[in-house]
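Chemist: What follows is a structure written as structure tokens; I'll ask about it next.
The values are calculated or read from the model by the stated rules, or taken from the named source; none is laboratory data. Just so it is clear, the structure is predicted and the values come from calculations on it, not from any experiment. Here Cβ is always computed from backbone atoms with ideal geometry, including for glycine, and neighbour counts include all displayed protein chains. Surface areas here come from the heavy atoms of the whole protein model, side chains and all, with no ligands, DNA or RNA. Shrake-Rupley method; radii C 1.70, N 1.55, O 1.52, S 1.80 Å.
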Amino acid sequence: MYALCDANSFYASCEKVFDPSIRNKPVVVLTNNDGCICAACHIAKRMGIGKKFVPYFQVADQLRAAGAVIRSSNYELYADLSQKMMDICARYAPEQHIYSIDECFLKFPNATKKEPLMHWQQLGSDIRQAVWRQVRLPIGVGIGPTPTLAKAANHGAKRIAGFNGVAVIDNEQSRQGILKQMALSDIWGIGSRLSKRLESMGIKNALQLANTNPNLMRKSFSVVLERTIRELNGEICLHWDAMRGNKKEIFSTRSFGQRIYHADELSIALSRHAGLAAQKVRQQKSLVKQMVIFASSSPHDQQYYKRNILHRFSIPTNDSRLLCQAAAIASKVIYQPGVAFYRCGVGFVELIDEDSFQLDLFEQSKDNPQLMQCLDTINQKYGKDTLQIAGHGLVRPWHMKRQFLSPQYTTRWQDIPKITC
């Protein structure tokens with residue numbers, strides 16, 4: 001059996017943990033540079049405000065009129081509360097797989113769905129109550145015989161009336177009861193485009209999809225859809241590695257808090273993006289064969305400017321020095337005097353597995369794995385940017401705009417809550 005623990009409106013819920021004064025108010029969280037809405041609490045959703053990815057400036061008056069509390073993304077706080085939540089959930093199962101910042105799978109390898117319903121129901125309630133008592137985060141818990149059915153149960157726990165935060169799929173009745181109330185787009189791994197194609201074939205909900213022939217659907221679509229159908233019928237097809245494999249592409253991109261006009265500033269910004277992405281590449285033990293470097297002005301400017309540079313490495317690398325150097329060289333080609341740069345970024349668009357790479361007989365790699373390991377270890381132990389490439393610069397005037405940032409209650413000494421008795 002599997003359990004999926006998923007926090008409700010995670011970013012917005014985190015904002016309420018240390019600020020009781022806003023717990024009964026609609027809370028909306030914005031993306032980088034306070035650009036768009038990325039999260040809204042259940043109160044805001046019930047009021048019909050806080051629709052995801054809507055530009056903030058378009059709905060600022062509406063939010064103000066509704067009395068909504070606006071917050072900039074406080075990533076430091078979210079990451080810390082996420083780790084606390086994951087630590088609590090891990091106590092209840094022999095195996096845990098953290099799927100994202102706000103959800104994790106728990107695996108019970110020796111358990112079966114034949115165990116009494118109350119056992120699983122009580123387990124889900126215990127996990128939910130423990131996270132609420134110790135972290136003050138509301139979560140939903142779904143339990144099922146496969147990861148996909150655990151996801152479906154979690155959907156029922158959070159979206160279907162009567163479950164109150166905990167749902168268990170342990171028999172045919174509970175499986176069919178939840179699946180027939182799920183839209184195709186609510187199924188794990190089924191996107192909106194695929195949903196429309198399936199709906200055109202007369203498949204309207206998750207139960208109808210589960211009743212289709214998996215072999216025929218594989219021929220018409222893909223092996224991924226076949227596995228989803230089998231999982232919906234109780235056959236385990238997904239494992240930890242399959243749930244979150246290595247990324248095929250890695251990007252680091254962001255709009256500036258204020259415009260960039262100088263070549264040196266653009267070079268530093270692009271070099272920093274390359275360094276951030278390089279760390280992620282090393283974490284998944286990959287090498288970069290091709291990278292794209294790009295920068296642009298705002299699409300709302302009268303004369304829009306955008307330039308991309310594609311760089312191919314003769315020997316694939318994950319060394320920050322080489323990747324940052326390539327970004328800095330490309331910045332000289334991208335830069336144009338008089339352009340007010342609004343956004344830039346770096347993308348590693350062709351990655352290969354580090355273990356399967358074959359060295360070139362005639363060209364020697366310039367990578368220094370020991371140096372990169374030292375760099376990552378120091379930054380992991382003492383904090384981000386403790387040690388960095390010189391090309392990243394010390395002064396970054398374009399830092400992300402966070403006008404509505406809440407205190408970093410658990411990661412910054414000055415923001416630790418003070419209690420006066």
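Chemist: Can you confirm whether Lys289 is touching a strand residue (DSSP E or B) at 6+ places or on another chain (Cβ under 6 Å), closer than 30 Å to Gly35 by Cα and at pLDDT 85 or above?
Modeler: When the stated conditions are applied, Lys289 does not pass them.
Chemist: When the residues of segment 62-77 are filtered to those that are crowded, with 20+ Cβ neighbours inside 10 Å and free of Cβ contacts under 8 Å to residues at least 60 places away in the same chain, which remaining residue is farthest from Arg133 (Cα to Cα)?
Modeler: Looking at residues that are crowded, with 20+ Cβ neighbours inside 10 Å and free of Cβ contacts under 8 Å to residues at least 60 places away in the same chain, I get Leu63.
Rundown of residues vs (1) in contact with a strand residue (DSSP E or B) (Cβ under 8 Å, 6 or more places away or on another chain); (2) surrounded by 18 or more Cβ atoms within 10 Å (Cβ to Cβ), yes/no style:
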site: Gln258; (1), (2): no, no
site: Gln279; (1), (2): no, yes
site: Tyr304; (1), (2): yes, no
site: Arg321; (1), (2): no, yes
site: Ala327; (1), (2): yes, yes
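Chemist: From the list Ala12, Ala39, which one is closer than 30 Å to Pro147 by Cα and in contact with a helix residue (DSSP H, G or I) (Cβ under 6 Å, 6 or more places away or on another chain)? Talk me through it step by step, then tell me what you get.
Modeler: Values: Ala12 fails: in contact with a helix residue (DSSP H, G or I) (Cβ under 6 Å, 6 or more places away or on another chain).
Residue meeting the stated conditions: Ala39.
Chemist: Condition first: surrounded by fewer than 17 Cβ atoms within 10 Å (Cβ to Cβ) and closer than 17 Å to Gly234 by Cα. Now tell me which residues in segment 186-198 satisfy that. Steps first, please.
Modeler: To start, the set of residues in segment 186-198 that are surrounded by fewer than 17 Cβ atoms within 10 Å (Cβ to Cβ) comprises 189, 191-193, 196-197.
Hit for segment 186-198 is Gly189, nothing else.
Chemist: Out of Gln358, Gln336, Gln403, Gln408, which single residue is open to solvent by 40 Å² or more (accessible area, probe 1.4 Å), in a loop (DSSP other than H, G, I, E, B) and either among the aliphatic types (A, V, I, L, M) or touching an Asp or Glu at 6+ places or on another chain (Cβ under 6 Å) (or both)? Working first, answer last.
Modeler: Working: Gln358 fails: either among the aliphatic types (A, V, I, L, M) or touching an Asp or Glu at 6+ places or on another chain (Cβ under 6 Å) (or both); Gln336 fails: either among the aliphatic types (A, V, I, L, M) or touching an Asp or Glu at 6+ places or on another chain (Cβ under 6 Å) (or both); Gln408 fails: open to solvent by 40 Å² or more (accessible area, probe 1.4 Å).
Testing whether each residue is open to solvent by 40 Å² or more (accessible area, probe 1.4 Å), in a loop (DSSP other than H, G, I, E, B) and either among the aliphatic types (A, V, I, L, M) or touching an Asp or Glu at 6+ places or on another chain (Cβ under 6 Å) (or both) leaves just Gln403.
Chemist: Given the residues Ala152, Ala183, Ala161, Ala167, which is the only one that is out of contact with any helix residue (DSSP H, G or I) (no Cβ under 7 Å at 6 or more places or on another chain) and either at pLDDT 95 or above or open to solvent by less than 60 Å² (accessible area, probe 1.4 Å) (or both)? Explain how you work it out, then say what you get.
Modeler: On the way: Ala152 fails: out of contact with any helix residue (DSSP H, G or I) (no Cβ under 7 Å at 6 or more places or on another chain); Ala161 fails: either at pLDDT 95 or above or open to solvent by less than 60 Å² (accessible area, probe 1.4 Å) (or both); Ala167 fails: out of contact with any helix residue (DSSP H, G or I) (no Cβ under 7 Å at 6 or more places or on another chain).
The conditions single out Ala183.
Chemist: Please go through segment 51-68 and give me each residue that is more than 24 Å from the chain's Cα centre (by Cα) and outside any loop (DSSP other than H, G, I, E, B), ordered by number. First the steps, then the outcome.
Modeler: Our first condition is that a residue be more than 24 Å from the chain's Cα centre (by Cα); within segment 51-68, this holds for 57-68.
If the condition is that a residue be more than 24 Å from the chain's Cα centre (by Cα) and outside any loop (DSSP other than H, G, I, E, B), then Phe57, Gln58, Val59, Ala60, Asp61, Gln62, Leu63, Arg64, Ala65 are the ones that fit.
Chemist: Mind checking which residues of segment 155-180 are more than 26 Å from the chain's Cα centre (by Cα), over 20 Å from Leu209 (Cα atoms) and of a type outside the set (A, V, I, L, M, F, W, C)?
Modeler: Within segment 155-180, just Gly162 meets the criteria.
Chemist: Condition check: on the phi < 0 side of the Ramachandran plot, open to solvent by less than 30 Å² (accessible area, probe 1.4 Å) and among the hydroxyl-bearing types (Ser, Thr, Tyr). Does Tyr99 satisfy that?
Modeler: Working: on the phi < 0 side of the Ramachandran plot: yes; open to solvent by less than 30 Å² (accessible area, probe 1.4 Å): no; among the hydroxyl-bearing types (Ser, Thr, Tyr): yes.
The answer is no for Tyr99.
Chemist: Looking only at segment 90-101, count every residue that is within 18 Å of Asn8 (Cβ to Cβ) and either touching a residue at least 12 places away in the same chain (Cβ under 8 Å) or of a type outside the set (Gly, Ala, Ser) (or both) and tell me the total.
Modeler: 3
Chemist: If you go through segment 247-305, how many residues are assigned to a strand (DSSP E or B) and either under 10 Å from Phe341 (Cβ atoms) or aliphatic (A, V, I, L, M) (or both)?
Modeler: Looking only at that region, the number is 12.
Chemist: Go over the candidates Glu363, Glu350 one by one and state the one that is within 19 Å of Val288 (Cα to Cα), among the acidic types (Asp, Glu), touching a Pro at 6+ places or on another chain (Cβ under 9 Å) and open to solvent by 30 Å² or more (accessible area, probe 1.4 Å). Steps first, please.
Modeler: On the way: Glu363 fails: touching a Pro at 6+ places or on another chain (Cβ under 9 Å).
Result: Glu350 is the single residue among Glu363, Glu350 that is within 19 Å of Val288 (Cα to Cα), among the acidic types (Asp, Glu), touching a Pro at 6+ places or on another chain (Cβ under 9 Å) and open to solvent by 30 Å² or more (accessible area, probe 1.4 Å).
Chemist: For segment 103-113, indicate whether the set of residues that are touching a Phe, Trp or Tyr at 6+ places or on another chain (Cβ under 7 Å), under 30 Å from Leu232 (Cα atoms), touching a residue at least 60 places away in the same chain (Cβ under 8 Å) and of a type in the set (Asp, Glu) is non-empty.
Modeler: From segment 103-113, those touching a Phe, Trp or Tyr at 6+ places or on another chain (Cβ under 7 Å) are 105-107; that's our starting set.
Retained after the next criterion (residues that are under 30 Å from Leu232 (Cα atoms)): 105-107.
Then drop every residue that is not touching a residue at least 60 places away in the same chain (Cβ under 8 Å), which leaves 105-107.
Those left that are additionally of a type in the set (Asp, Glu): none.
No: zero hits.
Chemist: Find the residue count for segment 219-242, including only residues that are in a helix (DSSP H, G or I) and either under 26 Å from Phe105 (Cα atoms) or of a type in the set (Gly, Ala, Ser) (or both).
Modeler: Step one: filter segment 219-242 for residues in a helix (DSSP H, G or I), giving 219-220, 223-232, 240-242.
Then drop every residue that is not either under 26 Å from Phe105 (Cα atoms) or of a type in the set (Gly, Ala, Ser) (or both), which leaves 220, 223-232, 240-242.
Count: 14.
Conditions tested, residue by residue: (1) touching a Lys or Arg at 6+ places or on another chain (Cβ under 8 Å); (2) β-branched (Val, Ile, Thr); (3) more than 22 Å from Trp188 (Cα to Cα).
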site	(1), (2), (3)
Phe18	no, no, yes
Phe57	no, no, yes
Arg71	no, no, yes
Glu76	yes, no, yes
Met86	no, no, no
Arg91	no, no, yes
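Chemist: Only one residue in Asp80, Asp87 is open to solvent by 30 Å² or more (accessible area, probe 1.4 Å) and without any contact (Cβ under 8 Å) to a residue 60 or more places away in the chain. Which one? Break it down into steps so the answer makes sense when it comes.
Modeler: On the way: Asp80 fails: without any contact (Cβ under 8 Å) to a residue 60 or more places away in the chain.
Just a single option satisfies the conditions, and that option is Asp87.
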